Each structure stands twice: as C-alpha cells, then as structure tokens.
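*Asks:* Can you keep this structure in mind? I'll have questions shortly.
The values are calculated or read from the model by the stated rules, or taken from the named source; none is laboratory data. Predicted model, so just to flag it, every value in this text is computed and none were measured. Methodologically, a virtual Cβ is constructed for each residue, glycine included, from the backbone with ideal geometry; neighbour enumeration extends over all protein chains shown. Heads up: the accessible areas ignore ligands, DNA and RNA and are worked out on the full protein's heavy atoms, side chains in. Shrake-Rupley method; radii C 1.70, N 1.55, O 1.52, S 1.80 Å.
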Amino acid sequence: MQDANSTLEHVTLRALKRLKALNQPMKVGDSTGVKLSSRDLLIRSLALRRYLLREVLSDDEKRVGVFLPPTVPGIAANLALSLAGRVTVNLNYTASSAQLKQCCELAGLKHVITSRKFIEKVGLDVGVPQVFLEDVRDRITLGDKLSALLNVRLRSAHSLHRALGLSGLRASDPLTILFTSGSTGFPKGVVLSSGNVSSNIDGINELVHLSERDVVMGILPLFHSFGYTVTLWTPLCLDCACAYHFSPLEARPIGKLAHDFKATILIATPTFLRSYIRRVEPEQFKTLEVVIVGAEKMPIDVAEEFEKRFGVRPVEGYGTTELSPVVSVNVPKSRATSNRPRLREGSVGIPYSQVEARVVSVDTDQPLGTGESGLLEIRGPNVMQGYLDRPDLTAEVMHDEWYRTGDMAKIDKDGFIHITGRLSRFSKIGGEMVPHVLIEQTISDIVGLDDEGLQRVAVASVPDPKKGERIVVLHTAGLGMNPGQIVEKLSDKGLPNIYLPGEDSFAEVEAIPMLGTGKLDLKALQQAAKDLFASAAK
C-alpha cells in the first residue's frame with residue numbers, strides 16, 4: 001500500500017481518488033441514514049478543513065480534539081483534521097469529565113470538535129472550547145464547497161496532496177494521540193505515527209484480504225485503537241466500505257445496520273457477541289463472512305452459539321493501543337490464500353509479516369523457547385512512537401526495540417500466539433505465579449453468566465501478611481451456591497490448592513466493574529477488592 005516515505009494522508013487521497021473507489025456507490029454510511037461515496041466524503045472533509053483553518057485553528061495549534069461517536073460526521077472530522085496537517089485526539093466519552101479535562105490538558109488541546117446533540121446525550125464536560133458541527137454546517141460558505149469540489153474533480157491525488165500543504169509530512173510524524181483504556185491506572189497518551197497506522201492497515205489487508213465487496217461494521221469507538229485504525233483509516237485506504245453505529249452495546253440497531261448495509265466484517269468483543277446472540281435475528285447477520293474478537297479471551301461456548309445462530313464462527317485476534325493496534329489475527333478459511341495454517345482455535349493467530357513476537361522470562365528478561373509461558377514482546381513498524389511527554393513510562397515498556405505488552409503468553413511451534421493472562425492479573429503466592437484469569441473463568445463455568453450474558457465474578461488480589469498476596473473473588477448476587485461449594489467445585493476441576501480462594505475471600509458487589517469498551521476495569525476492580533478486604537490485609 002505504501003513505500004517507506006508515504007504518509008497515511010497521501011495513501012488515503014490516492015485510495016479515494018482511484019477509479020474503483022469513485023465508482024463505488026457508498027464508501028461510508030451510518031445508522032442515521034447518511035451514505036457518502038468516496039468523492040462526496042472527500043468534498044465534505046475538504047470543505048470542513050477549509051472552514052476550520054479559516055475560522056477556528058491557529059497556525060500553532062497542532063493537536064485538535066474530536067469528541068464524536070463512530071458516525072459519518074466523526075469520520076469526516078478526523079479526515080478533515082488530518083488533511084489540515086493536525087494531530088487528532090479522539091476523546092473517550094465513557095470516561096468522567098475530570099478524566100476528560102486531564103486528557104485535554106495533557107494533550108494541550110485548544111479546541112474539541114463535537115456535536116451539541118452528542119454533548120447533551122453523554123452529559124460530559126471536556127473543559128476546553130468546543131466546535132459544534134451543527135453550527136459549522138451553517139457557516140461553511142459556498143466558496144468552501146466550490147473549492148472542495150474543484151480540488152476533488154480537477155486535481156490528481158499527488159497534486160491535491162501538494163496543494164493542501166502536506167508535502168512536508170513524513171511517515172514518522174505523529175498522526176494521532178490515543179489514550180489507553182485506563183483499565184490498570186490513569187490513561188496514558190499513546191503517540192502513533194502515520195507509518196505506524198499504515199503498516200497496520202497493510203497487515204490487516206494481508207490477513208483478511210479486504211475488497212470492494214466488503215462492508216466493515218464500524219461499531220467500536222474512535223477513541224479505541226481498533227476503532228480508529230480498523231474502522232476509520234482501513235476503509236479510507238483500501239477498497240472496502242464501512243457502516244457505522246454509535247454504540248456496540250445496542251444489539252438491535254446493529255442487527256438492522258448489518259442487514260441494511262449487507263455487512264461482511266464484524267469486529268467486536270466476546271461480551272458484545274453474547275448480546276447479539278440474544279437480540280439479533282439470524283437473517284440480519286446472514287451476509288457476515290468474518291467475525292473477529294479481541295480485548296478478552298473468547299469462550300468456546302460463545303463461538304459455538306454464535307456459529308449455530310448466524311452460520312459464521314468468530315475468530316480471535318490480538319493487539320494493544322501501543323501497537324497501532326493489530327499484531328495477529330486468526331484467518332478464517334474463507335479468507336485463507338495459502339496452504340500454510342493461519343487458524344488455530346484457542347490462539348490469537350500468527351503475526352502479520354512485518355511483525356515479530358517473542359516470549360521472555362519475567363524474572364531474567366531472557367527469550368524463552370517454544371511452548372514456554374512468559375511475557376509477550378513485539379517488534380515491528382506498528383510499535384508506537386512513545387507515551388505523550390512521558391519518556392520514563394516509554395522506557396519502562398521498551399526492551400531495546402521490543403515492546404513489553406504486559407500480557408503473558410506462549411508461542412507454539414507453528415508461530416501461533418496463545419495468551420495466558422495479563423502480568424497484572426497474576427499473584428505471586430509461595431513463589432508461584434497464580435493466574436487470576438484461569439480462576440475467574442473456572443468459577444464462571446461453575447456459576448454461569450447473568451441474564452444479560454455478562455460475567456458474574458471477577459478475581460483480584462489483596463496484600464496478605466502471611467502469604468504476601470491473597471486471591472479474592474468479587475461477585476454479583478444470586479450465584480446459586482455458597483463460597484464453600486464453589487471452592488469445592490474448583491478443586492474438583494483440578495485447580496491446585498494454591499489457586500483456591502478461601503471461603504472468607506468472597507464478597508458481593510452490585511456489578512462487576514467494566515469499561516465502555518467491554519473490558520474488565522482492572523483499576524476499579526482492584527480498588528473495590530482493597531476496600532472490601534482492607535481489614536484482612538492488616
């Protein structure tokens with residue numbers, strides 16, 4: 001898709017100006033009924049760009065916030081800012097106002113592009129001046145529209161790139177700042193370059209082979225790295241289209257979206273799939289060919305239920321914000337192009353060709369052999385530029401050129417990566433690494449999910465004066481058995497004694513803390529565990 005010096009902006013202009021793209025009736029659409037071709041999207045984005053440069057952005061304002069859900073306006077705003085040579089900062093609308101204000105301050109934002117209707121819906125304050133798209137619509141002049149139209153119709157992609165003043169950009173220049181989910185602490189600003197995201201798009205295309213007949217479902221938020229790279233820039237740079245809906249939690253509108261736009265690619269989490277299994281009609285998902293899940297391990301029963309209802313079996317992939325985000329994906333047989341095995345259930349796939357993966361010892365940092373479990377490290381062009389203004393934090397996660405993911409894994413003889421847990425979700429008890437995820441999944445198998453298909457238990461640890469750490473279990477009401485019975489069943493399933501929580505290590509909570517992206521909120525979980533078991537830790 002690109003050479004070493006090509007920027008994402010240049011790649012996008014070439015892609016949107018290709019004859020194949022110009023003949024495509026719909027490049028982006030959303031659940032509000034908006035549908036735009038490549039030409040119309042580019043015209044709209046250039047008109048918005050011209051207005052912003054004239055009326056809003058100062059010359060020294062290099063970073064601009066975007067506070068919008070995944071919709072056509074959200075895509076146009078991101079494209080307009082990137083074509084204006086600005087670094088976009090898509091903000092997390094599942095965070096608190098205090099967190100948002102701190103993120104805006106850290107990024108040095110002077111303006112945030114948003115929608116008055118959206119601000120009213122989420123009820124949050126970003127703490128900096130806001131540019132409302134409803135107002136902008138009336139202020140874009142005929143001259144803005146005519147300039148955009150003539151630039152798109154009369155200029156080649158290369159000429160347009162030069163006319164927009166983008167010739168001085170390099171692939172190593174920052175493209176965006178994405179704040180991490182904050183599942184283990186306060187969000188960090190991850191700086192991704194044009195080259196980082198471009199290499200990721202190449203990798204996605206290498207693995208899944210997207211074509212003009214593909215329609216990706218854009219339901220992940222744009223502040224989420226998978227949403228940003230896979231559902232924003234990937235459709236802009238490749239021949240596929242994308243259909244958007246503002247929340248992955250709304251199963252029924254998502255079913256309608258898939259049906260109306262004949263979606264072929266769905267990217268979600270196992271938690272979201274559980275909801276779709278219950279609320280989406282089989283007919284609505286009949287065109288799906290590829291379903292990829294990440295963020296959490298996919299239980300086999302979810303894969304089997306989804307396949308039984310919709311006729312397509314989900315596969316797992318892996319990535320992190322710091323890796324732009326994709327590292328690996330299991331390739332469904334329908335997309336395989338070689339005899340080399342690219343699908344192994346239970347794994348998160350094989351890395352794409354530009355990326356290397358290895359596992360190292362937690363204690364010695366030395367690389368481990370095939371099948372040995374340790375800390376997963378990744379090297380390649382997808383590795384971030386660093387954490388915003390935090391060289392100390394950047395140094396903590398970089399091992400020479402290798403990024404320390406914080407995930408525990410093993411790599412089998414064929415190169416498939418198997419995630420075994422997060423380093424932060426292990427306790428060291430009696431010198432042994434005890435995995436929270438294994439205990440949590442085993443208890444979930446015993447007690448089942450709630451009526452909404454959500455997990456009812458979460459495992460954490462608290463300090464212990466004798467053992468150093470102690471395993472504790474937070475759970476919602478109505479498990480149907482007492483702690484003693486659960487511990488007995490854990491033992492029956494073969495868990496070692498050191499893995500078993502004590503009967504006094506269970507505590508009821510109103511709800512298991514979750515992030516808006518569908519991941520367990522580890523920070524809130526750990527705090528709840530400390531609060532509930534504070535006296536026992538003394």
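*Asks:* What single numbered condition from (1) modelled with pLDDT of 90 or more; (2) open to solvent by 30 Å² or more (accessible area, probe 1.4 Å); (3) of a type in the set (A, V, I, L, M); (4) closer than 16 Å to residue 525 by Cα fails to hold for residue 473?
*Replies:* (2)
*Asks:* Moving to a separate point now. Determine whether the stretch 70-86 contains at least one residue that is under 26 Å from residue 7 (Cβ atoms) and open to solvent by 40 Å² or more (accessible area, probe 1.4 Å). So that I can check it myself, show each step before the final result.
*Replies:* Just the residues of the stretch 70-86 that are under 26 Å from residue 7 (Cβ atoms), to begin with: 70-86.
Cutting the leftovers down to open to solvent by 40 Å² or more (accessible area, probe 1.4 Å) gives us 73.
Yes: one or more hits.
*Asks:* When the residues of the stretch 52-67 are filtered to those that are assigned to a helix (DSSP H, G or I) and within 19 Å of residue 9 (Cα to Cα), which remaining residue is least open to solvent (accessible area, probe 1.4 Å)?
*Replies:* Initial filter on the stretch 52-67 (assigned to a helix (DSSP H, G or I)): 52-55.
Checking which are within 19 Å of residue 9 (Cα to Cα) leaves us with 52-53.
Numbers: 52: 4, 53: 59 Å².
Top of the filtered list is 52.
*Asks:* To continue, here is another question. Among the residues of the stretch 444-474, write down those that are under 26 Å from residue 534 (Cβ atoms) and either in a loop (DSSP other than H, G, I, E, B) or of a type in the set (Lys, Arg) (or both).
*Replies:* Within the stretch 444-474, 455, 456, 465, 466, 467, 470 qualify.
*Asks:* How about the stretch 93-159: which helices (runs of 4 or more DSSP H) wholly inside it have at least 3 residues that are closer than 19 Å to residue 54 by Cβ? Talk me through it step by step, then tell me what you get.
*Replies:* Working: elements: 97-107, 116-122, 133-139, 142-154.
Helices (runs of 4 or more DSSP H) meeting the threshold: 133-139, 142-154.
*Asks:* Looking at the stretch 396-427, which of its residues are within 22 Å of the chain's Cα centre (by Cα), farther than 30 Å from residue 501 by Cα and in a strand (DSSP E or B)?
*Replies:* 398, 402, 403
*Asks:* Kindly indicate whether residue 342 is over 30 Å from residue 446 (Cβ atoms) and open to solvent by less than 50 Å² (accessible area, probe 1.4 Å). Give the derivation first.
*Replies:* On the way: over 30 Å from residue 446 (Cβ atoms): yes; open to solvent by less than 50 Å² (accessible area, probe 1.4 Å): yes.
Yes.
*Asks:* Could you list, in sequence order, all residues of the stretch 363-378 that are surrounded by fewer than 19 Cβ atoms within 10 Å (Cβ to Cβ) and either more than 11 Å from residue 411 (Cα to Cα) or among the basic types (Lys, Arg) (or both)?
*Replies:* Within the stretch 363-378, 363, 364, 365, 366, 367 qualify.
*Asks:* Quick check: is even one residue across the stretch 392-406 surrounded by 14 or more Cβ atoms within 10 Å (Cβ to Cβ) and of a type in the set (Lys, Arg)?
*Replies:* The answer is yes; a qualifying residue exists.
*Asks:* Can you find a residue in the stretch 486-496 that is without any contact (Cβ under 8 Å) to a residue 24 or more places away in the chain and of a type in the set (A, V, I, L, M, F, W, C)?
*Replies:* Looking through the stretch 486-496, at least one residue is without any contact (Cβ under 8 Å) to a residue 24 or more places away in the chain and of a type in the set (A, V, I, L, M, F, W, C).
*Asks:* Being part of a helix (DSSP H, G or I) and acidic (Asp, Glu) is the filter here; which residues of the stretch 488-529 pass it?
*Replies:* First, the residues of the stretch 488-529 that are part of a helix (DSSP H, G or I): 488-492, 497-499, 503-505, 522-529.
Residues satisfying the conditions are 488, 492, 503, 504.
*Asks:* Looking at 484, 478, 453 in this structure, which one is over 17 Å from residue 271 (Cα atoms) and modelled with pLDDT under 85? Break it down into steps so the answer makes sense when it comes.
*Replies:* Working: 484 fails: modelled with pLDDT under 85; 453 fails: over 17 Å from residue 271 (Cα atoms).
Criteria check complete, one pass: 478.
*Asks:* Can we say residue 38 is crowded, with 18+ Cβ neighbours inside 10 Å and either under 24 Å from residue 111 (Cβ atoms) or β-branched (Val, Ile, Thr) (or both)?
*Replies:* Working: crowded, with 18+ Cβ neighbours inside 10 Å: yes; either under 24 Å from residue 111 (Cβ atoms) or β-branched (Val, Ile, Thr) (or both): no.
Judged against the criteria, residue 38 is not a match.
*Asks:* Quick one: residue 255 ticks every box in (1) under 20 Å from residue 326 (Cβ atoms); (2) open to solvent by less than 10 Å² (accessible area, probe 1.4 Å); (3) out of contact with any Pro (no Cβ under 8 Å at 6 or more places or on another chain) bar one, so which box is it?
*Replies:* With (1) under 20 Å from residue 326 (Cβ atoms); (2) open to solvent by less than 10 Å² (accessible area, probe 1.4 Å); (3) out of contact with any Pro (no Cβ under 8 Å at 6 or more places or on another chain) applied to residue 255, the lone miss is (1).
*Asks:* Sticking with this one: May I ask you to say which residue of 171, 107, 157, 148 is under 16 Å from residue 80 (Cβ atoms) and surrounded by 12 or more Cβ atoms within 10 Å (Cβ to Cβ)?
*Replies:* Numbers: 171 fails: under 16 Å from residue 80 (Cβ atoms); 107 fails: under 16 Å from residue 80 (Cβ atoms); 157 fails: under 16 Å from residue 80 (Cβ atoms).
So the residue among 171, 107, 157, 148 that is under 16 Å from residue 80 (Cβ atoms) and surrounded by 12 or more Cβ atoms within 10 Å (Cβ to Cβ) is 148.
*Asks:* Identify the residue in the stretch 508-518 that is under 18 Å from residue 450 (Cα atoms) and surrounded by 16 or more Cβ atoms within 10 Å (Cβ to Cβ) and, among all such residues, is modelled with the lowest pLDDT.
*Replies:* Going through the stretch 508-518, the residues under 18 Å from residue 450 (Cα atoms) turn out to be 508-515, 518.
With the extra rule that they be surrounded by 16 or more Cβ atoms within 10 Å (Cβ to Cβ), the set shrinks to 509, 512-515, 518.
Working: 509: 92, 512: 90, 513: 87, 514: 81, 515: 75, 518: 68.
Among residues in the stretch 508-518 that are under 18 Å from residue 450 (Cα atoms) and surrounded by 16 or more Cβ atoms within 10 Å (Cβ to Cβ), the one modelled with the lowest pLDDT is 518.
*Asks:* May I pose another question? Using the structure shown, decide if residue 471 is under 28 Å from residue 497 (Cβ atoms) and touching a Ser or Thr at 6+ places or on another chain (Cβ under 9 Å). Walk me through it before giving the result.
*Replies:* Numbers: under 28 Å from residue 497 (Cβ atoms): yes; touching a Ser or Thr at 6+ places or on another chain (Cβ under 9 Å): yes.
It is true that residue 471 is under 28 Å from residue 497 (Cβ atoms) and touching a Ser or Thr at 6+ places or on another chain (Cβ under 9 Å).
*Asks:* Please state which of the following conditions residue 60 fails to meet, knowing it meets all the rest: (1) free of Cβ contacts under 8 Å to residues at least 12 places away in the same chain; (2) farther than 27 Å from residue 172 by Cα.
*Replies:* (2)
*Asks:* Which of (1) open to solvent by less than 30 Å² (accessible area, probe 1.4 Å); (2) without any contact (Cβ under 8 Å) to a residue 24 or more places away in the chain is the odd one out, the single condition residue 451 does not satisfy?
*Replies:* Checking residue 451 against (1) open to solvent by less than 30 Å² (accessible area, probe 1.4 Å); (2) without any contact (Cβ under 8 Å) to a residue 24 or more places away in the chain, the one that fails is (1).
*Asks:* Here is a further query. Would you point out which residue out of 293, 315 is open to solvent by less than 30 Å² (accessible area, probe 1.4 Å) and either at pLDDT below 95 or among the aromatic types (Phe, Trp, Tyr) (or both)? Before the answer, list the steps.
*Replies:* Working: 315 fails: either at pLDDT below 95 or among the aromatic types (Phe, Trp, Tyr) (or both).
293 is the lone residue from the list that is open to solvent by less than 30 Å² (accessible area, probe 1.4 Å) and either at pLDDT below 95 or among the aromatic types (Phe, Trp, Tyr) (or both).
*Asks:* Within the stretch 40-61, which residues are of a type in the set (D, E, K, R) and closer than 26 Å to residue 220 by Cβ?
*Replies:* Step one: of the stretch 40-61, the residues of a type in the set (D, E, K, R) are 40, 44, 49-50, 54-55, 59-61.
Within the stretch 40-61, 40, 44, 49 qualify.
*Asks:* With buried (at least 23 other Cβ atoms within 10 Å of the Cβ), out of contact with any His (no Cβ under 9 Å at 6 or more places or on another chain) and either touching a residue at least 24 places away in the same chain (Cβ under 8 Å) or among the hydroxyl-bearing types (Ser, Thr, Tyr) (or both) as the only criterion, which of 198, 211, 247, 275 stands out?
*Replies:* On the way: 211 fails: buried (at least 23 other Cβ atoms within 10 Å of the Cβ); 247 fails: buried (at least 23 other Cβ atoms within 10 Å of the Cβ); 275 fails: buried (at least 23 other Cβ atoms within 10 Å of the Cβ).
Going through 198, 211, 247, 275 in turn, just one is buried (at least 23 other Cβ atoms within 10 Å of the Cβ), out of contact with any His (no Cβ under 9 Å at 6 or more places or on another chain) and either touching a residue at least 24 places away in the same chain (Cβ under 8 Å) or among the hydroxyl-bearing types (Ser, Thr, Tyr) (or both): 198.
*Asks:* List the pairs whose first member sits in the stretch 145-168 and is at positive phi, whose second member is outside any helix (DSSP H, G or I) and surrounded by 16 or more Cβ atoms within 10 Å (Cβ to Cβ), and whose Cβ atoms are under 8 Å apart, counting only residues at least 6 apart or on separate chains?
*Replies:* As it stands, the answer is 165/85, since those pairs meet every condition given.
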